[in-house]
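Notes follow the structure.
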Number of protein chains: 2
Amino acid sequence: MNEVTVLPHWTLAQAINGLVRHGVPAISVWRERLHELGVAEAARRIAGSGLKVSGICFTGMISSPDVAEAAQAMDDTRRAIEEAATLKSQCLIFLAGAVDARDKDLKATRARVLERLAALIPDLRAAKVKLALEPLHPTACATRSVLSTVKLANDWCDALAAEDVFGVAIDVYTTWWDPEIESEIARAGKRICAFHVSDWLADTQDLRLDRGMMGDGVIDIPALRRAVEAAGYTGLIEVEIFSARNWWKRDADEVVQVVKQRFQSAV
Amino acid sequence: MNEVTVLPHWTLAQAINGLVRHGVPAISVWRERLHELGVAEAARRIAGSGLKVSGICFTGMISSPDVAEAAQAMDDTRRAIEEAATLKSQCLIFLAGAVDARDKDLKATRARVLERLAALIPDLRAAKVKLALEPLHPTACATRSVLSTVKLANDWCDALAAEDVFGVAIDVYTTWWDPEIESEIARAGKRICAFHVSDWLADTQDLRLDRGMMGDGVIDIPALRRAVEAAGYTGLIEVEIFSARNWWKRDADEVVQVVKQRFQSAV
């Protein structure tokens, strides 16, 4: 369970207890909440709880054309790598960052991100952390990520040639529309280090915070799960629902119960 | 100028007069407004005005898994083909239609649309109408179009093998994020039969109705124009801005004036 699914109601400490109480086997942690509790204390509590950590959300945003801004983002990414190592997370979720209105140059922006990713290889190897390149929906290209397709994530992994430290996160919500999704999942193969589920509602009303519960939308989630498993992925399946309109308004225990039911019936 | 840019304020008759008054050389017509005025009357007025018709918006939506629904959509598409012929439009804009929550099968949906497009070839040839396959933004996959990339439009054109009646419409707003946009525009070449401009605002608030005026967003419009022209396109450039938040609230004459300025400075 990604913590964001119950974010408005539970602190990280409450989420750890709540998920254990409901028999959920793993948690994905948001860094804001991690910093609230303290990284060492969070690591201690999670280890004590028996929960696995499917991911840390998120780091990156290293696309800026401004050198000082980029250096700051790289420093923060290096701190996140340390945090992921401390929490023994399956991976660290990486968002590329957006194209900047100051230059509008998507090609140059993507080239900058790739170059900066290469500079992180020694840090990732030293910390033994897998950085999960997560393609976001094309709607995020001007706000959070110029990495818009699984194909581009695969192209970047090819170019980086460091399979030990870079992986690909597949989120059904951000990739389901892609005509090449199945062939690119197959191409990603062992690179896949995270698989996130939620649903695309036919009447989606917000670009980011209106994700649906699995089964309530139009995504053929079981088909994408089969594709990811056929590619060799055997790790955790993470439920990540940003829902200002619906699920964030409900009681967290109810949300976890519905997630568990839908995980059986619609994933 | 696409009529939709000033849709809340002007009827089609007013739009024809208004665009002529401002020295705009061409109009793209919405079918709802065309039916209000009457197709023959609209054709007569447009011919008399000297305006060219850059497109008719829109037809298609032939993706349904329901046979009766699909037959109805095909009938309507055939009516639109007749309308485009009567108006001597540069092309007729085709939207594929959405994936259906009833089957959630994107691959089958896309195959159905392609098969139904093939069935329209005789109608298009008889009417001498160019059907412009327009990729929409991936946000529209569950509402208006499973044709999500220029690559898929090119693949469909390859499969249809009827270059005389199928073309590709390039809209910067729906395609700018695509890592393959430049190579697929080059591949489209002479297929390009429409080029639509507007801008993606960094703080976009609506999935469909929050387009920006050229220059106010993050799209490198001149670069895409150069790509389209390098591919051989010499036709009209159409300004299509759906803007419930801003431009639809302003006086139509003011909007046309700003469009003309920005067409010089930002396209």
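Every read-out reported here was derived from the displayed coordinates using simple, explicitly stated rules and does not represent laboratory data. All values derive from a computational prediction rather than experimental measurement. Because the Cβ atoms are built from the backbone with ideal geometry, glycine has one as well, and the counts that use them run over all protein chains shown.
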Over the stretch B:82-194, what is the mean sequence separation of C-alpha contacts under 8 Å (at least six apart), divided by residue count, expressed as relative contact order in percent?
-> 30 percent
Using a Förster distance of 51 Å, the FRET efficiency for A:Asp75-B:Ala13 (Cβ separation, nearest 0.05) | 0.25
Choice from A:Ile181, A:Ile170, A:Ile56 showing the highest fluctuation, given a GNM over chain A with Cα pairs closer than 10 Å | A:Ile181
Treating the beta-carbon of each Lys and Arg as +1 and of each Asp and Glu as -1, no other charges, what is the dipole magnitude of chain B about its Cα centre, to the nearest 20 debye?
-> 560 debye
Out of B:Leu117, B:Leu106, B:Leu92, a Gaussian network model of chain B with alpha-carbon springs under 10 Å gives the largest mean-square fluctuation to B:Leu106
Name the residue farthest towards the positive end of the dipole of the stretch B:3-266 from the options B:Ala108, B:Ala119, B:Gln90, assuming +1 on Cβ of Lys and Arg, -1 on Cβ of Asp and Glu, about the Cα centre.
-> B:Gln90
Would you work out which of A:Trp156, B:Thr149, B:Ser265 lies farthest towards the positive end of the dipole of the protein assembly as shown? Charges go on Cβ: Lys and Arg +1, Asp and Glu -1.
-> A:Trp156
Anyone know which of B:Ala43, B:Ala132, B:Ala111 comes out most mobile in the 10 Å Cα GNM of chain B?
-> B:Ala111
Would you tell me the mean number of C-beta atoms belonging to other protein chains that fall within 10 Å of each C-beta in B:229-238, as a whole number?
-> 0
Here the longest stretch of chain A that holds no trypsin sites (Lys or Arg not before Pro) in a DSSP loop having at most 12 other beta carbon atoms within 10 Å is A:129-267
Tell me the distances, shortest first, between A:Ala230 and the same position across the other copies, using label points 7 Å along Cα→Cβ, in nm to one decimal.
-> 3.7
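Using a simple charge model, +1 on the beta-carbon of Lys and Arg, -1 on the beta-carbon of Asp and Glu, nothing else, what dipole does the stretch A:114-215 show about its Cα centre, in debye to the nearest 20? Walk me through the intermediate numbers first.
Values: 11 positive and 16 negative charges, 85 e Å.
Around 400 debye, computed over the stretch A:114-215.
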Shortest-first nm distances, B:Asp103 label point to equivalent points in other copies (7 Å, Cα→Cβ) | 4.6
Quick one: what are the phi-derived ³J(HN,Hα) couplings along the stretch B:8-23, Karplus 6.51/-1.76/1.60 with θ = phi - 60°, whole Hz, x for glycine and proline?
-> x, 10, 10, 5, 4, 4, 5, 5, 4, 5, x, 5, 4, 4, 8, x
Would you work out which of A:Thr139, A:Thr175, A:Val255 lies farthest towards the positive end of the dipole of the stretch A:3-262? Charges go on Cβ: Lys and Arg +1, Asp and Glu -1.
-> A:Val255
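Quick one: putting +1 on the C-beta of Lys and Arg, -1 on the C-beta of Asp and Glu, what dipole do you get for the protein assembly as shown around its Cα centre, in Debye to the nearest 20? Don't skip to the answer; put the middle values down first.
On the way: 64 positive and 74 negative charges, 33 e Å.
Dipole magnitude for the protein assembly as shown comes out near 160 debye.
Expressed as a rounded percentage, what relative contact order does chain A have, with Cα pairs under 8 Å and six or more residues apart?
Details: 506 pairs, mean separation 47.5, N = 267.
Relative contact order of chain A: 18 percent.
Using DSSP, restrict attention to beta bridges with both residues in the protein assembly as shown and report what percent are antiparallel, rounded to the nearest 5. The partial results should precede the final answer.
Working: 4 of 50 bridges.
Within the protein assembly as shown, antiparallel bridges account for around 10 percent of the total.
Per residue of A:168-179, how many C-beta atoms from partner chains lie within 10 Å of its own C-beta, taken as a mean?
3
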Going down the list B:Lys107/B:Lys260; A:Lys104/B:Lys249; B:Lys52/B:Lys190; A:Lys88/B:Lys107; A:Lys128/A:Lys151; A:Lys151/B:Lys52, which pairs span over 32 Å between their C-alpha atoms?
-> B:Lys107/B:Lys260; A:Lys88/B:Lys107; A:Lys151/B:Lys52
Counting helices only, and only those DSSP H runs with n ≥ 4, report the 222 nm mean residue ellipticity of the protein assembly as shown as the sum of -39,500 (n - 2.57) divided by its residues, in deg cm²/dmol to the nearest 500.
-> -13000 deg cm²/dmol
If each part is reduced to its alpha-carbon centroid, the stretch B:237-267 and the stretch A:143-173 end up apart, in Å, by 37 Å
